[in-house]
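This report concerns only the one structure given below.
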Amino acid sequence: MKSKLPTRQEVLPVFSIIMFFVFTWTLYVMFYYLPSWLGDMYTRDILILSTYVFTFALLESLIVLGGMVLLALLLPARFFKDKFVAQGGFLAVLASLAAYLKHPKLVDALPLRLLYLVQIPIIALAGTIFLMVLLSFLLDRFPGLTRVVNSFAQGMTIFAYIYLPLGLLSLFVVLLRIIF
Amino acid sequence: METNGKIKLSRRDFLKVAAGLSLTPLVEKISPEKLRGRNLGGSLPNIIILIFDALSAYHLSLYGYPRNTSPNFERFAEKATVYHNHHSPANFTTPSTASLFTSTYPWQHRAYTLKGSIRPHVVPNNIFRLLRDKYYTAAFTQNIYADKLLFQFDQYLDRHQSTDSFNFIGNSIYNILPSEEAIAGFRSFDTFLIKRRPPRGSLLMSILYDFTHLLRYRLAFRDLTDLYPIGMPGINSSYAHFTLDQVMEGVMSLLEELPAPFFSYIHLMPPHSPYRPNSHFQKMFNDGWEPLPKERHPLGDGHQVNYPGKRQTYDEFIANLDYEFGRLLDYLEDIGLLGSSYLILTSDHGEIFERGEDGHGTSFLFEPLLRVPLVISSPGQEARKDIHAQTSSVDLLPTLLHIAGLPIPGSVEGQILPFQDGNGDPERNIWALEASSNSTFGPMHEASLALIKGTQKLVYYQGYENYKDNYELYNLENDPDELVDRYTSDPRSGEMQEILDQKFREIIQPTTE
């Protein structure tokens, strides 16, 4: 079982990519609402709200990462676990972009109407499987591509050093408030 | 109840068993320390405030509406006091409910916005704390914005029933948190991260949440499509759905469990949109009737001027609600609660279907939005009384304190209602304010303020881009439909404008409290 699990060095870049998309989206929407919050909430209340929000973002990221790890356990190693950074990172990017398309405030500004097709579950699932198979083929075929993808994923770990402490601190505050 | 030899629990029995088995973390919040030692005893009558959200007095046959929307309200009124000119201080839930709780107008409690909170210095003088010395206090609301206000008073509530208690499908997340964290949970989860309308703070979980709720609804609803052909009643800003009969049975169970003497605040969503009457009431008002047509108001920006179809469905929803109220009335009478309680039927605000707007939460302060029903039955009352004095929702708190023999704090802006040892002041100023686009703390830059004095109503629209600094005056006695603006022709307009302008200068100031 342990051999089927990705290593810590493999998990961190994928987790970083997930956190990047989740936290960045959350921050974007927070800034969207901030003027109205400032209009009827005290600063202290906004900060408390933020701790709950970042705690949720951390948990959301962990749930998505958990889904990736589960895929690594279930799918053939050659297809997913052996290329965990590339496949996991790619899947995280794909899922996040598809999720962005479900949040119309952003996409109204984008001339990408055709991409709304991903909102149809069967198309989303089929498209995801196709792209992952294609990526797996390309990674096997072009080793240089693997180096590029891994390098990109490693670069994304900077976001873990920003968002992870933010999430953990928020979780600590929330637990303190709930327990005490 | 037995069916084919098997015992089958009715929904009411299930609710009783659930409460008894203490599925309470999911059903209600009860603070254990508040249940101990609350042996009030005494012979005071109970007080039940029953609020139907967005119920306009204009749409009730009780008040002369041409459609027979409220035969059971009329039956109730036969042994009750009917207030014909009762007004809400605001045109949507948060400020109007806050005013009822604190007997202060919106510029005092400053809960102007949908998710607004009552200012801390106003919170202590609330209806629950002030009655608590003599009453067991209980509250239930299906409206999550009213529930958020209730959490500001949670320490004064002996029983705070969860908002999802009687819903067919519930989905509030903040209720799983401890009471002290519920407001933070409400603002973060239910109105930011995972909420029905975009933009939402959660990128991925919100989508999963949509999907699971859609699935739950489809599974739960498939047996009810005949009964609710246009969909199950729900709560607009969430995925919660309910059936009227189930909610009413839940209320019956709740009231039966409360120890006397109790004060209970019950706030139900119907007839708030979505208007979804069941099949027995659908199309019952397909009569082609429409009220007097009104022109589009400069601030009306809906795609139609009048909304006869929505008005019809709303009326049918009221009729459905009225039927369920009739069942509640019979039940309260059967168990003896009606004779031992003050039952107060009212609403937080009204609804409008004309002048280019539908619903509420507009800039308007016309009578369909502000004039709400108020019918109060007193223990032992055998005859109907009609009161035509101008009254306001801020009057309920001082009236109840008077009934209980408790002192009325100086912060209270309402008066004791006529009939309860009050004669009503014909020159009294009744106010209503709409200021939802303003900061709670800053100066008011865009607002509508209404002054009702006797039969005259002056409305001031300030700061709106298309309608800056305009006054409108109506004679509510001769012109109840507010068709003729008499601001430039009526000699009283100057006197009223002076009073209104002075009030406006006072209330637009910023606050740091």
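Got a sec? Which residues of the range B:111-141 lose 10 Å² or more of accessible surface with every protein chain in place, vs. that chain alone, 1.4 Å probe?
B:THR113, B:LYS115, B:ARG119, B:PRO120
Convert each backbone phi in the range B:496-502 into a coupling constant with the Karplus relation 6.51 cos²θ - 1.76 cosθ + 1.60 (shift: θ = phi - 60°), then list the ³J(HN,Hα) values in order as whole Hz, x for Gly and Pro.
Coupling constants for the range B:496-502: 5, 4, 4, 5, 5, 4, 5 Hz.
From the helices alone, meaning DSSP H stretches of at least four residues, give me the mean residue ellipticity at 222 nm for the protein assembly as shown, per-run term -39500 (n - 2.57), in deg cm²/dmol to the nearest 500.
On the way: 22 runs with 290 residues, N = 693.
My calculation for the protein assembly as shown gives -13500 deg cm²/dmol from helical runs alone.
Quick check on the range A:1-43: what does the Kirkwood estimate of hydrodynamic radius come out to from the alpha carbon pairs, in Å?
Values: mean 1/r = 0.0766 Å⁻¹.
After inverting the pairwise mean of 1/r, the radius is 13.1 Å.
Note the per residue figure in Å³ for the convex hull of the C-alpha positions in the range A:1-104. Walk me through the numbers before you get to the answer.
Values: hull volume 10.4 nm³, N = 104.
In the range A:1-104, the Cα hull volume divided by residue count equals 100 Å³.
Determine by what factor the alpha-carbon radius of gyration of the range B:93-246 differs from 2.2 N^0.38 Å, reporting the quotient.
Taking N as the residue count of the range B:93-246, the ratio is 1.14.
Provide, as a two-decimal number, the C-alpha radius of gyration of the range B:110-154 over 2.2 N^0.38 Å, N being how many residues it has. Please report the intermediate quantities before stating the final value.
On the way: Rg = 11.1 Å, N = 45, 2.2 N^0.38 = 9.3 Å.
Rg over 2.2 N^0.38 Å, computed on Cα atoms: 1.19.
Can you pull the percent of the protein assembly as shown's accessible area that's carbon plus sulfur, 1.4 Å probe, other chains left in place? Mind dumping the intermediate values first?
Values: 17400 of 29290 Å².
Ligands and nucleic acids excluded, carbon and sulfur reach 59 percent.
Which longest run of chain B has no exposed loop site in it, a site being trypsin sites (Lys or Arg not before Pro) in a DSSP loop with at most 11 other beta carbons within 10 Å, and the site itself not part of the run? Intermediate results must be reported in sequence, preceding the final value.
Working: sites that count: B:LYS8, B:ARG36, B:ARG222, B:LYS468.
Longest stretch, sites excluded: B:223-467.
Apply the Karplus curve 6.51 cos²θ - 1.76 cosθ + 1.60, θ = phi - 60°, to the phi angles in the range B:68-81 and return the couplings in whole Hz, x for Gly and Pro.
Per residue, the Karplus-derived 3J(HN,Hα) values read 7, 8, 9, x, 7, 4, 5, 4, 4, 5, 4, 10, 8, 9 Hz.
Enter the buried accessible area of the B/A pair, total of both sides, probe 1.4 Å, in Å² rounded to the nearest 100. Can you show the working numbers first?
Values: alone 20690 and 11390 Å², together 29290 Å².
Between B and A, the summed buried area is about 2800 Å².
Any idea what the relative contact order of the range A:2-110 is, in percent, if you count C-alpha pairs under 8 Å spaced at least 6 apart?
On the way: 62 pairs, mean separation 49.3, N = 109.
Value for the range A:2-110: 45 percent.
Given the protein chains as shown and a 1.4 Å probe, how many square angstrom of B:HIS241 are accessible, to the nearest 10?
Approximately 20 Å² for this residue.
Taking the Cβ-Cβ separation of B:ARG428 and A:ARG8 as r and a Förster radius of 56 Å, what is the calculated FRET efficiency to the nearest 0.05?
0.15
Could you give P(r) for chain A, binned at 5 Å from zero, as whole percent values over all Cα-Cα pairs?
All Cα pairs considered, the percentages come to 1, 8, 14, 16, 18, 16, 12, 8, 5, 2, 1, 0.
Accessible area per residue of the protein assembly as shown at 1.4 Å probe, in Å²?
Details: 29290 Å² over 693 residues.
On a per-residue basis, the protein assembly as shown sits at 42 Å².
Considering all projection directions equally, how large on average is the shadow of the alpha-carbon convex hull of chain B, in square nanometres?
Values: hull surface 98.1 nm².
Projected area, direction-averaged: 24.5 nm².
Between their Cα atoms, which of B:LYS115/B:LYS148; B:LYS148/B:LYS310; B:LYS79/B:LYS385; B:LYS453/B:LYS503 are more than 19 Å away from each other? Before the final figure, lay out the partial values.
Values: B:LYS115/B:LYS148 8 Å; B:LYS148/B:LYS310 29 Å; B:LYS79/B:LYS385 8 Å; B:LYS453/B:LYS503 14 Å.
As for pairs spanning more than 19 Å Cα to Cα, those are B:LYS148/B:LYS310.
Using alpha carbons only, how many angstrom separate the centre of the range B:451-513 from the centre of the range A:29-93?
Comparing the Cα centres of the range B:451-513 and the range A:29-93, I get a distance of 51 Å.
I want to check the label-to-label distance for A:LEU97 and B:ASN286. Put each point 7 Å from Cα in the C-beta direction and report it in nm to one decimal.
5.1
How long are the semi-axes of the ellipsoid equivalent to the protein assembly as shown, from square roots of 5 times the Cα gyration tensor eigenvalues, in whole Å, largest first? Kindly include the intermediate steps, with their values, before the conclusion.
Values: eigenvalues 483, 174, 130 Å².
Gyration-tensor ellipsoid for the protein assembly as shown: 49, 29, 25 Å.
Rounded to the nearest 0.05, what FRET efficiency do A:THR128 and B:ASP210 give with R0 = 25 Å and r taken as the Cβ-Cβ distance? Could you check?
Values: r = 19 Å, r/R0 = 0.74.
Taking R0 as 25 Å, the efficiency between A:THR128 and B:ASP210 is 0.85.
Work out from phi, with θ = phi - 60° and the Karplus expression 6.51 cos²θ - 1.76 cosθ + 1.60, the ³J(HN,Hα) of each residue of the range B:486-493, listed in order in whole Hz, and give x for Gly and Pro.
Calculated HN-Hα couplings, in order: 9, 4, 8, 10, 8, x, 7, 5 Hz.
Just round it to a whole percent: the fraction of Cα-Cα distances in the range B:400-509 exceeding 21 Å. Each step should come with its number before you reach the end.
Numbers: 2836 of 5995 pairs.
For the range B:400-509, the share of Cα pairs beyond 21 Å comes to 47 percent.
The values are calculated or read from the model by the stated rules, or taken from the named source; none is laboratory data. This structure is a prediction, so every number in the text was calculated from the model and none was measured. Positions of Cβ are generated from backbone atoms using ideal geometry, with glycine treated the same way; all protein chains shown enter the neighbour counts. Protein only, heavy atoms only, side chains kept; ligands, DNA and RNA dropped before computing areas. Shrake-Rupley method; radii C 1.70, N 1.55, O 1.52, S 1.80 Å.
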